Amino acid sequence: MAFANVLSSLCLLALTLVLAPISPIEAKSYPKNYIAAHNAIRAEVGIEPLHWNATLAAYAQNYANTKIATCQMEHSGGPYGENLAEGYEVMTAETAVSLWADEKKHYDYNSNTCVNDSSHCLHYTQLVWRNTKSIGCAQVKCQNNWVFLICNYYPPGNYIGQHPY
């Protein structure tokens with residue numbers, strides 16, 4: 001009888017853990033998540049994989065920390081290429097990269113332009129910029145329960161008149 005109660009309690013605990021929402025801390029992405037997500041998209045167009053850069057990651061973290069109070073989506077204006085993403089309570093590396101990669105549908109390679117809007121594919125083109133060799137990313141949970149995520153790229157991309165790949 002005691003064994004059945006223990007087994008029942010363990011099953012209930014396991015079910016609770018499976019059904020519990022993922023907290024932002026548990027959803028925090030690690031360098032390997034950012035690298036894998038980026039490199040999967042880059043591989044689709046046949047360009048070299050990116051590597052993690054601790055200097056870029058520190059820059060990204062320092063900037064992300066300034067967004068904790070408001071989570072306002074604005075670029076740092078720094079010397080690196082940059083992509084930003086935001087999500088309510090959870091934003092993972094995979095989700096952010098997927099959002100940026102989804103802009104591929106707005107990019108016309110032949111004319112090297114964003115279709116319908118001159119900026120609606122620039123996250124994607126930065127993601128696949130062939131001369132970019134390394135990234136560093138960070139995320140913070142803001143006071144309003146949004147998550148601010150930033151990736152910085154070196155060398156930066158999106159030079160006018162140049163194809164990304």
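The values are calculated or read from the model by the stated rules, or taken from the named source; none is laboratory data. Just so you know, these numbers come straight off a predicted model, no measurement behind them. Don't worry about glycine lacking a Cβ; one is built from the backbone with ideal geometry, like all the others, and counts go over all protein chains shown. Heavy atoms of the whole protein, side chains included, go into the accessibility calculation; ligands, DNA and RNA do not. Shrake-Rupley method; radii C 1.70, N 1.55, O 1.52, S 1.80 Å.
Does region 75-85 contain at least one residue that is in contact with a Pro (Cβ under 9 Å, 6 or more places away or on another chain), part of a strand (DSSP E or B) and within 17 Å of P31 (Cα to Cα)? Write out each step before concluding.
Of all residues in region 75-85, those in contact with a Pro (Cβ under 9 Å, 6 or more places away or on another chain) come to 79-82.
Now restrict to residues that are part of a strand (DSSP E or B): 81-82.
Those left that are additionally within 17 Å of P31 (Cα to Cα): 82.
Yes, there is a match, as at least one residue in region 75-85 is in contact with a Pro (Cβ under 9 Å, 6 or more places away or on another chain), part of a strand (DSSP E or B) and within 17 Å of P31 (Cα to Cα).
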Query raised in the report: farther than 19 Å from R130 by Cα, of a type in the set (A, V, I, L, M), surrounded by fewer than 18 Cβ atoms within 10 Å (Cβ to Cβ) and modelled with pLDDT under 95, is that true of A58?
Result: no
Requested in this report: Name, by its number, the condition in (1) touching a residue at least 24 places away in the same chain (Cβ under 8 Å); (2) open to solvent by less than 60 Å² (accessible area, probe 1.4 Å) that does not hold for D108.
Outcome: (1)
Report task. Could you please let me know if S134 is buried (at least 17 other Cβ atoms within 10 Å of the Cβ), touching a His at 6+ places or on another chain (Cβ under 8 Å) and among the small types (G, A, S)? Result -> yes
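Out of V90, V147, V97, I need the residue that is in a helix (DSSP H, G or I), β-branched (V, I, T) and on the phi < 0 side of the Ramachandran plot. Which one? I'd like the intermediate steps shown before the answer.
On the way: V90 fails: in a helix (DSSP H, G or I); V147 fails: in a helix (DSSP H, G or I).
Only one candidate passes the filter, namely V97.
May I ask you to verify whether H120 is touching a Cys at 6+ places or on another chain (Cβ under 7 Å), over 20 Å from A60 (Cα atoms) and open to solvent by 60 Å² or more (accessible area, probe 1.4 Å)?
Details: touching a Cys at 6+ places or on another chain (Cβ under 7 Å): yes; over 20 Å from A60 (Cα atoms): yes; open to solvent by 60 Å² or more (accessible area, probe 1.4 Å): yes.
Judged against the criteria, H120 is a match.
Does K141 fit the bill of being surrounded by fewer than 19 Cβ atoms within 10 Å (Cβ to Cβ) and over 13 Å from the mean Cα position of the chain (by Cα)?
Working: surrounded by fewer than 19 Cβ atoms within 10 Å (Cβ to Cβ): no; over 13 Å from the mean Cα position of the chain (by Cα): yes.
Taking the combined requirement at face value, the residue does not satisfy it.
Mind checking which residues of region 73-98 are loosely packed, with under 13 Cβ neighbours inside 10 Å and under 28 Å from I160 (Cβ atoms)? Spell out the reasoning first.
Keep residues of region 73-98 that are loosely packed, with under 13 Cβ neighbours inside 10 Å, which gives 73-75, 77, 79, 88.
Selection gives M73, E74, H75, G77, P79.
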